[in-house]
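Visitor: Got a structure for you, questions after.
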Amino acid sequence: MAQNNNLTVPTTGSDDKYVTVFNDPVNFNAKHPLHHSWTLWFDNPGKRSNENTWEQSLKELITFDTVEDFWGVYNNIMKACDLSINSNYHLFKHGIKPMWEDPANKHGGKWSIQLPRNKTITEIDNIWLYTMLACIGEAFEHENEVCGVVVSVRKGFFRIALWTRSSDNRDVIMGIGRTLKSQTSIDGQFDFQSHHDSKGGAKWTV
Ligand code: MGP
């Protein structure tokens, strides 16, 4: 038991290892830390952008590192399905830019799936939400491999992608793909491509 503002409150019994509302029973504003800080980026480069100009349209929106702040951000930004065509949200570990050129991404690749617009909008939003939750909640066995996730709004479809740090170890990359598929409950095929041969076909599928 711990004393706080003249109230006797139960603790977790493990010397404040976990943050709970009992740490602040008056304001109930305890926050639950995430293992990493995550940064949300947005871009809508438009049709005329190319590899040289693309970065200029990239905007860093906000960084958070608690469960509560994630929901604060999620509940106060536009839903992915409401974004205009060619927009992208990128949620990446803080310190990693959502670009192929970033040192964390340059040897990596991405698992991606295109979801046709005829899926219901709620379904798309939920898939993007579950994708983000899998990342910030560390659902992946090789969590260090995960750099970030992207939702892209295109004319005929939405695309969900998860960027990995490397692209060579088949077992590791396949494990991530399988977890992503099960966490998002998508009944469709994800393709993996490394960033440096993104013009080629899928290297692996799941
Ligand atoms: P995209 O949005 O990843 O592909 O990249 P999409 O939706 O298939 O669009 P399409 O026009 O290729 O069919 C679109 C373009 O943005 C790329 O061709 C690049 O010019 C630029 N671009 C995208 N990314 C993720 C990067 C990046 O990481 N670095 C650089 N330099 N340019 C990028």
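Visitor: Taking residue 59, is it surrounded by fewer than 14 Cβ atoms within 10 Å (Cβ to Cβ), within 16 Å of the ligand (Cβ to nearest atom) and at pLDDT 95 or above? Reasoning before the result, please.
Guide: Working: surrounded by fewer than 14 Cβ atoms within 10 Å (Cβ to Cβ): yes; within 16 Å of the ligand (Cβ to nearest atom): yes; at pLDDT 95 or above: yes.
So residue 59 fits the description; yes.
Visitor: Checking the condition within 14 Å of the ligand (Cβ to nearest atom), modelled with pLDDT under 95 and among the hydrophobic types (A, V, I, L, M, F, W, C), which residue from 41, 54 passes?
Guide: Within the list 41, 54, the selection yields 54.
Visitor: Would you confirm, using the coordinates I've provided, whether residue 174 is away from the ligand (no atom under 16 Å from the Cβ) and closer than 24 Å to residue 78 by Cα? First the steps, then the outcome.
Guide: Working: away from the ligand (no atom under 16 Å from the Cβ): yes; closer than 24 Å to residue 78 by Cα: no.
Judged against the criteria, residue 174 is not a match.
Visitor: Follow-up question, since we're still on this one. Within the bounds of segment 138-146, is there any residue that is surrounded by 15 or more Cβ atoms within 10 Å (Cβ to Cβ), farther than 26 Å from residue 32 by Cβ and at pLDDT 95 or above?
Guide: No.
Visitor: Looking at 86, 75, 126, which one is without any contact (Cβ under 8 Å) to a residue 12 or more places away in the chain, under 22 Å from residue 191 (Cα atoms) and surrounded by fewer than 18 Cβ atoms within 10 Å (Cβ to Cβ)? Please lay out each step first, then the result.
Guide: Working: 86 fails: without any contact (Cβ under 8 Å) to a residue 12 or more places away in the chain; 75 fails: under 22 Å from residue 191 (Cα atoms).
Criteria check complete, one pass: 126.
Visitor: Something else: Please determine, by comparing only the residues of segment 89-114 that are among the charged types (D, E, K, R) and surrounded by fewer than 16 Cβ atoms within 10 Å (Cβ to Cβ), which one is nearest to the ligand (Cβ to nearest atom).
Guide: Residues of segment 89-114 among the charged types (D, E, K, R): 93, 97, 101-102, 106, 110.
Keeping just the survivors that are surrounded by fewer than 16 Cβ atoms within 10 Å (Cβ to Cβ) gives 101, 106.
Values: 101: 6, 106: 10 Å.
Per the stated criteria, the residue is 101.
Visitor: Which residues, taken from segment 151-183, are in contact with a strand residue (DSSP E or B) (Cβ under 7 Å, 6 or more places away or on another chain), of a type in the set (Val, Ile, Thr) and part of a helix (DSSP H, G or I)?
Guide: Result: 173, 176.
Visitor: Something else about it: Determine which single condition residue 134 fails, assuming it passes every other condition in (1) among the aliphatic types (A, V, I, L, M); (2) touching a Leu at 6+ places or on another chain (Cβ under 8 Å); (3) free of Cβ contacts under 8 Å to residues at least 60 places away in the same chain; (4) within 14 Å of the ligand (Cβ to nearest atom).
Guide: Of the numbered conditions (1) among the aliphatic types (A, V, I, L, M); (2) touching a Leu at 6+ places or on another chain (Cβ under 8 Å); (3) free of Cβ contacts under 8 Å to residues at least 60 places away in the same chain; (4) within 14 Å of the ligand (Cβ to nearest atom), the odd one out for residue 134 is (4).
Visitor: Let me ask you something else. Determine the pairs where a residue that is in contact (Cβ under 8 Å) with a residue 24 or more places away in the chain, located within segment 174-191, has a partner that is among the charged types (D, E, K, R) and in a helix (DSSP H, G or I) with Cβ atoms under 8 Å apart, the partner being 6 or more residues away or on another chain.
Guide: 176/145; 190/181
Visitor: Would you say residue 172 is in contact with a Lys or Arg (Cβ under 8 Å, 6 or more places away or on another chain) and surrounded by 17 or more Cβ atoms within 10 Å (Cβ to Cβ)? Even if it seems obvious, please write down each step before you answer.
Guide: Numbers: in contact with a Lys or Arg (Cβ under 8 Å, 6 or more places away or on another chain): no; surrounded by 17 or more Cβ atoms within 10 Å (Cβ to Cβ): yes.
Considered against the rule, which asks whether it is in contact with a Lys or Arg (Cβ under 8 Å, 6 or more places away or on another chain) and surrounded by 17 or more Cβ atoms within 10 Å (Cβ to Cβ), residue 172 comes out as no.
Visitor: Among the residues of segment 67-76, is there at least one that is within 14 Å of the ligand (Cβ to nearest atom) and either touching a strand residue (DSSP E or B) at 6+ places or on another chain (Cβ under 9 Å) or farther than 30 Å from residue 169 by Cβ (or both)?
Guide: Step one: filter segment 67-76 for residues within 14 Å of the ligand (Cβ to nearest atom), giving none.
Within segment 67-76 (the criterion being within 14 Å of the ligand (Cβ to nearest atom) and either touching a strand residue (DSSP E or B) at 6+ places or on another chain (Cβ under 9 Å) or farther than 30 Å from residue 169 by Cβ (or both)), the answer is no, since none of the residues qualifies.
The values are calculated or read from the model by the stated rules, or taken from the named source; none is laboratory data. Computed from a predicted model, the values in this text were never measured in an experiment. Cβ sites come from the backbone with ideal geometry, for glycine too, and all protein chains shown count toward neighbours.
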